[in-house]
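The values are calculated or read from the model by the stated rules, or taken from the named source; none is laboratory data. Keep in mind that this is a model prediction, so the values were computed, not measured. In this analysis, Cβ positions are derived from the backbone assuming ideal geometry, glycine residues included, and neighbour counts consider all displayed protein chains. Ligands, DNA and RNA are stripped out before the accessible areas are found, and what is left, the full protein with its side chains, is counted by its heavy atoms. Shrake-Rupley method; radii C 1.70, N 1.55, O 1.52, S 1.80 Å.
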Amino acid sequence: MPPTTPIWSAVDRYITDLLIGPDTALDAALAASDAAGLPAIAVSPPQGKLLHLLARAMSARRILEIGTLGGYSTIWLARALPADGRLLTLEFEPKHAEVARANIANAGLGAMVEVRVGAASDSLDRMIAGGEAPFDLIFIDADKVGYPAYLERSLQLSRLGTMIIADNVVRDGRVADATCDDAAVQAVRVYHDMLAAEPRLSATTVQTVGSKGYDGLAIALVTA
Ligand code: SAH
Ligand code: DHB
Ligand code: MG
């Protein structure tokens, strides 16, 4: 399977041109991330808008993101918040966090977004120990081997109705290969096993193709 195909990228461009259009802050965030040498692994524009629409549909006021990179998905999500909303995003790499903070400020979202540097598991453990209030929406998009730990901790930062979304859980279809020895594939398989076994969650995974290749998003709702 190639990383992407011309038709997937052409359709992503069609969707983006028609339904999203040019966007000064988002386009600048990608350009600044590229100029700073960050990897080009942000969600695609249609995926970013999906995150935005889901956050808006549920009237999210408190959003947690795990894996900031240059803040591209952060900006999409934060734009769904009301004026007094809050978004906390966790990032391991200080350089990524610095680029993201500038991009978020340039998008006019600096007051509602906090970029917290550190290993996400440590930040999450501190939040749980400190009695952090539950989040309405949690977006998991950091290192893939960490996903099981992030889901376990996300549940402790959730309430009835919280939506937990995880990126990159299909991995060119390898998620369905039980014999695959790739650590990230094994981790997203454990993630799905946890979704299946957790009685508090109702979940599905949507396969995606586009400019980011063939992958998928796991969407889980805390229902009990
Ligand atoms: N959500 C971003 C993309 C995130 S890429 C977007 O779509 O725009 C994944 C990010 O997770 C990278 O910036 C990487 O540095 C970060 N990361 C990797 N391991 C991490 C960890 N243990 N804790 C927190 N962040 C981590
Ligand atoms: C990678 C990470 C992502 O979150 C993504 O969407 C694509 C690639 C990566 O680490 O390679
Ligand atoms: Mg991702």
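Assorted remarks:
- Within the same chain, lysines fewer than 8 places from Lys49 are excluded, and of the rest, those with a Cα less than 16 Å from its Cα are Lys212.
- Calculated mean residue ellipticity at 222 nm for the chain: -13000 deg cm²/dmol, from DSSP H runs with n ≥ 4 weighted as -39500 (n - 2.57), summed, divided by the residue count and rounded to 500.
- Theoretical gain in end-to-end length, Ile7 to Arg56 [0.36 nm per residue, Cα-Cα removed]: 14.7 nm
- Measuring nothing but protein heavy atoms, the accessible surface of the chain at 1.4 Å probe radius is 57 percent carbon and sulfur.
- Cα gyration tensor shape for the chain, rounded if a/c is under 1.5, else prolate or oblate: rounded
- GNM top mover of Ile66, Ile165, Ile128 - the chain, alpha-carbon springs below 10 Å: Ile128
- Gyration tensor (alpha-carbon) shape descriptor, the range 72-139, a/c threshold 1.5: oblate
- Here the Debye sum runs over all C-alpha atoms of the range 115-165 as equal scatterers in vacuum, and log10 of I(q)/I(0) at q = 0.14, 0.26, 0.27 Å⁻¹ comes out as -0.32, -1.12, -1.19.
- Anchor Lys95: lysines whose Cα lies under 21 Å away (excluding residues fewer than 8 positions away in-chain): Lys144
- Low-density loop positions, trypsin sites (Lys or Arg not before Pro), the range 135-224 - DSSP coil, at most 16 other Cβ in 10 Å: Arg159, Arg200
- Of all DSSP beta bridges confined to the chain, the antiparallel ones make up roughly 40%.
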